[in-house]
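The values are calculated or read from the model by the stated rules, or taken from the named source; none is laboratory data. Treat the numbers as computed from the prediction; the structure is a model and nothing was measured. Cβ placement follows ideal geometry from the backbone for every residue including glycine, while neighbour counts extend to all protein chains displayed. Ligands, DNA and RNA are excluded from the accessible area calculation, which covers all protein heavy atoms including side chains. Shrake-Rupley method; radii C 1.70, N 1.55, O 1.52, S 1.80 Å.
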Protein chains: 2
Amino acid sequence: MSEMGTGSATAGRRRPARERLLVTAARRFYADGVTATGIDTIVAEAGVAKTSLYNNFHSKAELVRAYLDARHEEWLATYRTRLEETVGPREAVLAVFDTYADHAEAAQATGFRGCGLLNAAAELPVGDIGRDVVRRHKETVEELIGCHLGQLLPSRPGEAGVLAEHLSFLLEGAMARAGLEGDGSRLARARTLAAALLDEAMAGS
Amino acid sequence: MSEMGTGSATAGRRRPARERLLVTAARRFYADGVTATGIDTIVAEAGVAKTSLYNNFHSKAELVRAYLDARHEEWLATYRTRLEETVGPREAVLAVFDTYADHAEAAQATGFRGCGLLNAAAELPVGDIGRDVVRRHKETVEELIGCHLGQLLPSRPGEAGVLAEHLSFLLEGAMARAGLEGDGSRLARARTLAAALLDEAMAGS
DNA sequence: AGTAAACTGTACAGGTCTGTACAGTTAGCG
DNA sequence: CGCTAACTGTACAGACCTGTACAGTTTACT
């Protein structure tokens, strides 16, 4: 997503080290936290020389930033897959809830611990750029919901906005609780609550 | 809250060091995160000898645990104060939302960063006892809401339980978003949403 | 075959981390 | 006054942290 301007000639070669570092960093950052995970742990587990890490990233902070960006892109990809299976705006809203549930299920095997982006933001100090990345990610999620709700309630844009925020709170709250409990059942119930709110809004005046 | 069995004779003397450590640890753990805050930083800022820290706490993990317990007690105290000002179960539920808003406002000056307990849990690995403390805290919050709802909807206990979980999600989701944005306006809107849900439930069949 | 880029392995600098040791000092109590 | 317990200051052990240096090796493409 960042610099592939050198063209496809080098694209096939330059990947291995950087990609393995990102995959390993994602695993350890999510499982153990950003601060608690050392550079040495990552390079050892990735099977890569430490020099290669600092050839691809100028600092640990930059690796963390790449991790956050990758998580966001990964979320979008899962969401788009879910969205393709839907018909109409009501199902599209619920696809956002399903995307969260997908993450919970995927992480179940290795230890589900909630939203990786929110967890990372929780250990970054006020003012850190990483917190803005996560804030914008959550705003994007709310906007996606709001976009579908705009289609569902075309004559009531104000109500759509309020409902989008309501659903965003439901989603993030359920994710936080689910992360503490280590399983996705809270997310399933949040989806049920969301579906009821959607039906109510569609039936409403 | 832990060991005051030695009686009030020593109670007046033994406090200073332990108390200053807890106050300082709370400030730094909240602002910078648990892992990123070193022992040396805490003892220096508390104006206490490092030996005194290890006389009061066996390890950093125990200090973290004391921090989590203190945060929980602090939350309960704020909540009880809020509860005293209320009349009836509807207002009692909203008092829980007000308690969260109180925290946001109090932390505003030094840097509001969301729920300290949730933030701490976010950087603890799966299996850490601290995560259970936070999970139980959030369950307590939901139970308190559920208790008031049981009074509000005495003939519909099932509905009360579902609504309690719904309100808990609203609350935690709004807190997560508020923490990312650094102010409490999201919490104010969550309170509005909660009030509407309560009115609807009271008017409902 | 030759060139350029990515990659490796290791060693190291300089700092910070948690936790301990130990001798000395302060403060409340009878 | 004298006892006891809390507290102080400093030094240190041993591990781990991020980031750099540098010489050598692999890999891909011409």
Original post:
So if we plug the beta-carbon distance of B:Asp199 and B:Val126 into 1/(1 + (r/R0)^6) with R0 = 51 Å, what FRET efficiency do we get, rounded to 0.05?
Top reply: 0.80
Original post:
With θ set to phi - 60° and the Karplus curve 6.51 cos²θ - 1.76 cosθ + 1.60, what are the ³J(HN,Hα) couplings of the range A:114-127 in order, to the nearest whole Hz, using x for Gly and Pro?
Top reply: x, 6, x, 5, 5, 4, 5, 4, 5, 10, 9, x, 4, x
Original post:
What shape does the range B:87-133 have by the C-alpha gyration tensor, where a ≥ b ≥ c are the square roots of the eigenvalues, rounded means a/c under 1.5, and otherwise prolate means a/b greater than b/c and oblate the rest?
Top reply: oblate
Subject >> Whole-angstrom gap from the range A:34-68 to the range B:128-199, using each part's C-alpha centre >> reply: 38
Subject >> Calculated P(r) tail over 20 Å for chain A, as whole % of Cα pairs >> reply: 62
Subject >> Translational D in µm²/s for the range A:50-142 (Stokes-Einstein at 25 °C, 0.890 mPa s, Kirkwood Rh from C-alpha pairs) >> reply: 166
Subject >> Largest to smallest accessible area among A:Glu19, A:Glu45 [probe 1.4 Å] >> reply: A:Glu19, A:Glu45
**OP:** For the protein assembly as shown, just list the percent of Cα-Cα distances falling in each 10 Å bin from zero outward, please.
**Re:** 4, 20, 29, 25, 14, 6, 2, 0
Subject >> Selected from B:Ala176, B:Tyr67, B:Ser155, residue furthest toward positive end of dipole (the range B:67-203; charges at beta carbon) >> reply: B:Ala176
Subject >> Using θ = phi - 60° and Karplus 6.51 cos²θ - 1.76 cosθ + 1.60, couplings along the range A:64-71 (whole Hz; Gly, Pro as x) >> reply: 4, 4, 4, 4, 4, 4, 5, 4
